[in-house]
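**Q** There's a structure below that I have some questions on.
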Amino acid sequence: MYAELYSFMDFEILWSGLFCPLMRLVLSISFGLAIGNIIEVLHWGRFLARISSPLVRMGHLQDVSGAAFTMAFFSSITANTYLAEQYEQGKIIRKELYFSNLLNSAPVLFMHLPSLFFLAVPFLGKAAFWYVGIIVSAALFRTVGTVFAGRIMLPPAPEGCITCELDDNASNSVKELIQRVSSRFIRRIKRVLLVTIPVYTIVFLLNRSGAFAALNDIIGGSNGLLPFISPEAAGVLILSLAAEIAASMAAAGALLTEGTIQTKDIVLALLAGNILSSPMRAVRHQLAVYMGIFPPRLALSLIACNQSVRAASLILFTLAYYFFG
């Protein structure tokens, strides 16, 4: 008991596991808030919206959603803070916020795709092309599905550029622009600090206490629910749940090198681990960020919707690979 308490109070653990990551997270959110406010005050959203205009118009989304979609290729935090601002100001309805958030999952994936691909290739060889290819295909499928669902469920977007209508009210005074950006930033950052810090701290304490490891053991401890995973690949699946992706890929690479397992079995194990670990990753990596940007109930709802659609698309493509790959 005393050893566990001491481990919580160890300064090096607190610095590397809590304070340092928390500072990076707050700085990232602060940067996203600042950029989002600058884009809105200067009315640059209309230029960003033009890039994705055909896609968002097809999905009956408005220009602010198109601007957020373009921003997501560079920063998901900036895109979400921009959407939160537009939603609070009544420029997009709640239903469109959900569709826009779903649409942004593909740009976020493509932002991290190079690092994922070049991590996977040295470990997995040709299996990396299957694994990454299925993840990308599922993301593109989600994008197309979101666009078509939006076209059915959302009313047609108004003609013309919504953000262009604000140009007449734009100020050329640098002082006024700075005041508007700073006032909005201060108002939002207070809420970010009040929500993000305690939520992140609670997640850190749960992780240190072994709560996530216990949940992962419950999910991955028995292989009976996943009969398509070979016994040799079960270790890769469990590593995918209990550790970072690099550890599971390293284990998969060792098995492939030894020739004790087939490429298809490795890909299925990694995909199953990716799907089953999604809820834990969402709590550990998304919860604090979303609750700092959106109201708590809305943040939880957006995460649940996003992760459910992501898991459903991956399950669909994993099954297709299992039967036809």
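**Q** Looking at (1) buried (at least 19 other Cβ atoms within 10 Å of the Cβ); (2) without any contact (Cβ under 8 Å) to a residue 60 or more places away in the chain; (3) of a type outside the set (F, W, Y), which is the only condition L300 fails?
**A** (1)
**Q** A follow-up question, please. May I ask you to say which residue of F99, F74 is surrounded by fewer than 20 Cβ atoms within 10 Å (Cβ to Cβ) and on the phi < 0 side of the Ramachandran plot?
**A** Numbers: F99 fails: surrounded by fewer than 20 Cβ atoms within 10 Å (Cβ to Cβ).
Just one listed residue meets the conditions, F74.
**Q** Would the range 9-18 turn up any residue that is open to solvent by 50 Å² or more (accessible area, probe 1.4 Å), at pLDDT below 80, assigned to a helix (DSSP H, G or I) and aliphatic (A, V, I, L, M)?
**A** Step one: list which residues in the range 9-18 are open to solvent by 50 Å² or more (accessible area, probe 1.4 Å), which gives 9, 11-12, 15-16.
Narrowing the set further to residues that are at pLDDT below 80 leaves 9, 11-12, 15-16.
Then keep just the ones that are assigned to a helix (DSSP H, G or I); that gives 9, 11-12, 15-16.
Filter once more, keeping what is aliphatic (A, V, I, L, M): 9.
Scanning the range 9-18 turns up at least one residue that is open to solvent by 50 Å² or more (accessible area, probe 1.4 Å), at pLDDT below 80, assigned to a helix (DSSP H, G or I) and aliphatic (A, V, I, L, M).
**Q** Just checking, does the range 77-95 include any residue being assigned to a helix (DSSP H, G or I) and farther than 26 Å from K190 by Cα?
**A** Of the residues in the range 77-95, the ones assigned to a helix (DSSP H, G or I) are 77-88, 94-95.
From what is left, the residues that are farther than 26 Å from K190 by Cα are 95.
Yes, because at least one residue in the range 77-95 is assigned to a helix (DSSP H, G or I) and farther than 26 Å from K190 by Cα.
**Q** Under 8 Å between Cβ atoms, at least 6 apart or on separate chains: pull out the pairs that start in the range 142-154 with a residue that is free of Cβ contacts under 8 Å to residues at least 40 places away in the same chain and closer than 16 Å to Q62 by Cβ and end on any residue that is part of a helix (DSSP H, G or I) and open to solvent by less than 30 Å² (accessible area, probe 1.4 Å).
**A** So the pair list comes out empty.
**Q** Out of V132, V144, V121, I need the residue that is at pLDDT below 85 and surrounded by 12 or more Cβ atoms within 10 Å (Cβ to Cβ). Which one?
**A** Numbers: V132 fails: at pLDDT below 85; V144 fails: at pLDDT below 85.
Of the residues listed, the single one that is at pLDDT below 85 and surrounded by 12 or more Cβ atoms within 10 Å (Cβ to Cβ) is V121.
**Q** I261 passes all but one of (1) in a loop (DSSP other than H, G, I, E, B); (2) over 21 Å from G133 (Cα atoms); which number fails?
**A** Condition not satisfied by I261: (2).
**Q** So, in the range 92-124, exactly how many residues are among the basic types (K, R) and farther than 17 Å from N80 by Cα? Don't jump to the end; show me each part of the working.
**A** Of all residues in the range 92-124, those among the basic types (K, R) come to 94-95.
Cutting the leftovers down to farther than 17 Å from N80 by Cα gives us none.
Of the residues in that region, 0 qualify.
The values are calculated or read from the model by the stated rules, or taken from the named source; none is laboratory data. The model shown is predicted, which means the values in this text are computed figures rather than measured ones. All Cβ positions, even for glycine, are placed from backbone atoms using ideal geometry, and neighbour counts span all protein chains on display. For the accessible areas, the whole protein counts, side chains as well, though only heavy atoms, and no ligand, DNA or RNA atoms are used. Shrake-Rupley method; radii C 1.70, N 1.55, O 1.52, S 1.80 Å.
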